[in-house]
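The values are calculated or read from the model by the stated rules, or taken from the named source; none is laboratory data. Computed from a predicted model, the values in this text were never measured in an experiment. All Cβ positions, glycine included, derive from the backbone under ideal geometry; neighbour counts span all protein chains shown.
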Amino acid sequence: MRKWIYTGYQESNDNPKRKNLLLRIMLVTLLSMLMGIGGLLFLTYNQKVVADNYSNSIDQNFSNVKYMNNISQALYRHQALIFQYMGAVEDREKREEIQEITAGLEAEIEDSLEKLNENLKGTDYDPYYHSIYSGFKSYLKNISYVFYFSNKEDTATAVYYMESALHFCMEKVNESVSELSVRIAADMDEADRVMAQRIRFAQESSVLLIVLLAGFSFITMIFCFRIFDSLVNKDALTQVDNYEKMQRDSVRLKKYGKFENFTGVACNIKDFKYFNQQMGDKTGDMILIRYAASIAAFLQKGEKIARNGGDNFILLIKQERVPQLLAFLQNMEISVNTSEGIKKLMINSRCGLYRIQQQDSLREVVNACYLALADARMNAALDYVWYDRTMHENMVKRKETIVQCKKGLKQREFVVYYQPKVNIVTNMLCGSEALVRWNRDGELVLPGQFVPVLEEEGYITELDFYVFEQVCRDIRDWLQRGIEPVRISSNFSKLHLRDSEFGSKVLEIIDRYQIDSKYLEIELTETSGYDDFNALVAFVDEMGRHGIYTSIDDFGTGYSSLSLLKDLNVNVVKLDKSFIDHIEEADEAHEKMVEDVVRMINDLHRDVICEGVENNRQADFLKTVNCRQAQGYLYDRPLPHDAFEYRLKNPLYSC
Ligand code: C2E
Ligand code: MG
Ligand code: MG
């Protein structure tokens, strides 16, 4: 069954949308990484600077306090000793001892002052130091007078200097010390406050950084999710769901008993090949993207679209919305950017529809839709075809035909009949067409029963070469037996044009049988809306270079136009039977049209032959419009080998 699903080509994953997403995800990841690293470095550095500053300022303030304490304590001890000195009037020994201790204390104070100076130099505290220093120095000066007058036993003067040392000098020192202490304490409070502020700042920055990083990670996750979704569930080009996603959705719908509420639709863009080849792959891609987007926009919640390769789309649409969908798909207008600016295209769709049953799987639904679509493709008049059971039976029959045909080819069950072509002016045999018949278990099967099937399934090419080789073999045989053959045309399916070796394969067979090109003609049908015209032109030219005739078969049935002949150097145009079918009805306009067509073909210096001539009226009419060759039951039906050989020997017709 899987074989029946046309999967078409799959686009590579490097479409611009996906690339864009990948670039964005990389950018966001890089940004979050840089932000994270930068933020952490900044925070760490900031914390270190703050901590260093804080500990320096605390250390310095502590040591300043310590020096000031030393100075104060030493001064108090110093004063007490001076009082003792003054009291020890008679005791010389004690006085000497006290003088020695005070000298030590003074040195201690000097030392502390020096360290204090080192710390305070150049700072706001410098004036305090100088005040302490000068207070201390004047204290010492007064104390030296105290010593002096005490030694002279002038107690009153010594007391005077002592008082002045205490009142003026010491007060100055104490005042400065206490003011400095207050400022240092305030500074330490300030340092604490700044530290607390900085810590708060660091905490807030960390929170902000974490929030930003979380935000970036969230965005990255969304992008990642979109990429994942796009890779796993979306079609690379159109960004609608892929078949696998629809498969998963259908399983869920079945689980909840909703699958049978839908109708399966297989859609296909009419003449997409034409758009693709005429306007280029890029425009073709753009059409697919816009087409898919338009349908996706039309769908309601719950309805689905998936691309199934090429221009094939599968839809699951609510049953009651099918008429709306079919109307929507008719004459859809799509704008595309081309090198000549924005173009508006009318896009039509072919659809195969299937009403989903409870027990169906998506695979079965899609198969049914494709069978209906194949019917729509075959029937030019129908754009929408509903599946019915006979399609499946036909499909099975066709498979059977193919298997049997392949077997028949191996066992050489196919025979070639020859239908004469007649010059209706001279009534002489002037050519012939080789037509295949299948001798299937003794019954002669006509090509209408198997050629279209083989053509659809792509197996016709083998049969065409089989017939062509048989024609060459027969011509060789007639020549060897001294029977002069006529030019014999063989039908070749246009599927051959997809094979770049087609021309050389034909030439190889001709070469193998050593047939003069004047005995051969290749018939190609031009019935579809668009085929690879360039390949057709190239093939016709190649045959022309080797003197092999080419003809357009069934001219007038498809989209063939006279303007096509301008670029296509075929030698013969075979007018379809429909041109003369109703000639008896004396439809003047029609007769005029046939006359004009024949004249134009003649003017283009191409031979013209009419197929399906069944009566003399038709033959006479052809003569009046200057169509000099005919093929049809009036002269001969397709003849088996021997009967045709007889005709070769008796080429004059009596009618
Ligand atoms: P065709 O190439 O257009 O061949 C002409 C068909 O019209 C033949 O049908 C022929 O028997 C039929 N015919 C000829 N004169 C008359 C007439 O006066 N009245 C009527 N009603 N029909 C007439 P046939 O042999 O059944 O072939 C049908 C088609 O099958 C051919 O149409 C050709 O397209 C295809 N075919 C036949 N042999 C081959 C082959 O070897 N390769 C390919 N690719 N196609 C072939
Ligand atoms: Mg033909
Ligand atoms: Mg024909």
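Conditions tested, residue by residue: (1) in the same structural domain as Ala103 (by TED's automatic domain parsing); (2) out of contact with any Leu (no Cβ under 8 Å at 6 or more places or on another chain); (3) among the charged types (D, E, K, R).
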position: Tyr133; (1), (2), (3): yes, no, no
position: Lys137; (1), (2), (3): yes, yes, yes
position: Ile143; (1), (2), (3): yes, yes, no
position: Val146; (1), (2), (3): yes, yes, no
position: Phe149; (1), (2), (3): yes, yes, no
position: Lys152; (1), (2), (3): yes, yes, yes
position: Ala158; (1), (2), (3): yes, yes, no
position: Met162; (1), (2), (3): yes, yes, no
position: Glu171; (1), (2), (3): yes, yes, yes
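Lys574 meets the stated requirement of being within 12 Å of ligand 1 (Cβ to nearest atom), within 20 Å of Ile601 (Cβ to Cβ) and either among the basic types (Lys, Arg) or not assigned by TED's automatic domain parsing to the domain that holds Met600 (or both).
Results for (1) surrounded by fewer than 15 Cβ atoms within 10 Å (Cβ to Cβ); (2) in a strand (DSSP E or B); (3) charged (D, E, K, R), shown as yes or no for each residue.
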| residue | (1), (2), (3) |
| --- | --- |
| Val573 | no, yes, no |
| Ser578 | yes, no, no |
| Ala589 | yes, no, no |
| Asp596 | yes, no, yes |
| Val608 | no, yes, no |
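Could you go through the stretch 479-494 and let me know if any residue there is part of a helix (DSSP H, G or I), in the same structural domain as Ala630 (by TED's automatic domain parsing) and in contact with a Ser or Thr (Cβ under 8 Å, 6 or more places away or on another chain). Among the residues of the stretch 479-494, at least one is part of a helix (DSSP H, G or I), in the same structural domain as Ala630 (by TED's automatic domain parsing) and in contact with a Ser or Thr (Cβ under 8 Å, 6 or more places away or on another chain), which makes the answer yes. Could you go through the stretch 145-159 and let me know if any residue there is over 60 Å from the mean Cα position of the chain (by Cα), surrounded by 15 or more Cβ atoms within 10 Å (Cβ to Cβ) and within 16 Å of Ile71 (Cβ to Cβ). No, that holds for no residue. Tell me yes or no: at least one residue of the stretch 553-565 is more than 27 Å from Asn379 (Cβ to Cβ), in a loop (DSSP other than H, G, I, E, B) and within 16 Å of ligand 3 (Cβ to nearest atom). Checked the stretch 553-565: no residue is more than 27 Å from Asn379 (Cβ to Cβ), in a loop (DSSP other than H, G, I, E, B) and within 16 Å of ligand 3 (Cβ to nearest atom).
Scanning the stretch 193-209 for residues that are closer than 25 Å to Ser63 by Cβ and modelled with pLDDT under 85 gives Val194, Met195, Arg198, Ile199.
The rows are residues; the columns are (1) of a type in the set (D, E, K, R); (2) in contact with a strand residue (DSSP E or B) (Cβ under 7 Å, 6 or more places away or on another chain); (3) in contact (Cβ under 8 Å) with a residue 12 or more places away in the chain; (4) away from ligand 2 (no atom under 16 Å from the Cβ).
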| site | (1), (2), (3), (4) |
| --- | --- |
| Val537 | no, no, yes, yes |
| His546 | no, no, yes, yes |
| Thr550 | no, yes, yes, no |
| Leu562 | no, no, yes, yes |
| Phe579 | no, yes, yes, no |
| Ala586 | no, no, no, yes |
| Arg599 | yes, no, yes, yes |
| Asn602 | no, yes, yes, yes |
| Asp607 | yes, yes, yes, no |
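Mind checking whether some residue in the stretch 634-643 is more than 15 Å from ligand 1 (Cβ to nearest atom), in a helix (DSSP H, G or I), within 16 Å of Lys592 (Cα to Cα) and in the same structural domain as Ala586 (by TED's automatic domain parsing)? No - not one qualifying residue is present in the stretch 634-643.
The set of residues in the stretch 508-529 being part of a helix (DSSP H, G or I) and touching a helix residue (DSSP H, G or I) at 6+ places or on another chain (Cβ under 8 Å) consists of Ile509, Ile510, Arg512, Tyr513, Ser517, Tyr519.
Count of the stretch 595-616 residues, restricted to those that are in contact with a helix residue (DSSP H, G or I) (Cβ under 6 Å, 6 or more places away or on another chain) and more than 16 Å from ligand 3 (Cβ to nearest atom), is 2.
Candidates Asp441, Asp532, Asp499, Asp474: the one that is away from ligand 3 (no atom under 16 Å from the Cβ) and out of contact with any helix residue (DSSP H, G or I) (no Cβ under 8 Å at 6 or more places or on another chain) is Asp441. Could you go through the stretch 499-510 and let me know if any residue there is over 17 Å from Ala434 (Cα atoms), touching a Lys or Arg at 6+ places or on another chain (Cβ under 7 Å), in contact (Cβ under 8 Å) with a residue 12 or more places away in the chain and not acidic (Asp, Glu). The answer is no, given that none of the residues of the stretch 499-510 is over 17 Å from Ala434 (Cα atoms), touching a Lys or Arg at 6+ places or on another chain (Cβ under 7 Å), in contact (Cβ under 8 Å) with a residue 12 or more places away in the chain and not acidic (Asp, Glu). Among the residues making up the stretch 114-128, those that are free of Cβ contacts under 8 Å to residues at least 40 places away in the same chain and within 16 Å of Ile71 (Cα to Cα) are Glu114, Asn117, Glu118.
Selection of first residues in the stretch 181-201 that are part of a helix (DSSP H, G or I) and of second residues that are among the hydroxyl-bearing types (Ser, Thr, Tyr) and surrounded by 16 or more Cβ atoms within 10 Å (Cβ to Cβ), restricted to Cβ pairs under 6 Å at least 6 apart or on distinct chains, gives the following pairs, ordered by first then second residue: Ala191/Tyr54; Ala191/Ser57; Met195/Tyr54.
May I ask you to verify whether Val385 is assigned to a helix (DSSP H, G or I) and either touching a residue at least 12 places away in the same chain (Cβ under 8 Å) or surrounded by fewer than 17 Cβ atoms within 10 Å (Cβ to Cβ) (or both)? No, not satisfied. Residue count for the stretch 612-655, restricted to those that are under 12 Å from Ser432 (Cβ atoms), among the aromatic types (Phe, Trp, Tyr) and touching a Cys at 6+ places or on another chain (Cβ under 9 Å): 1.
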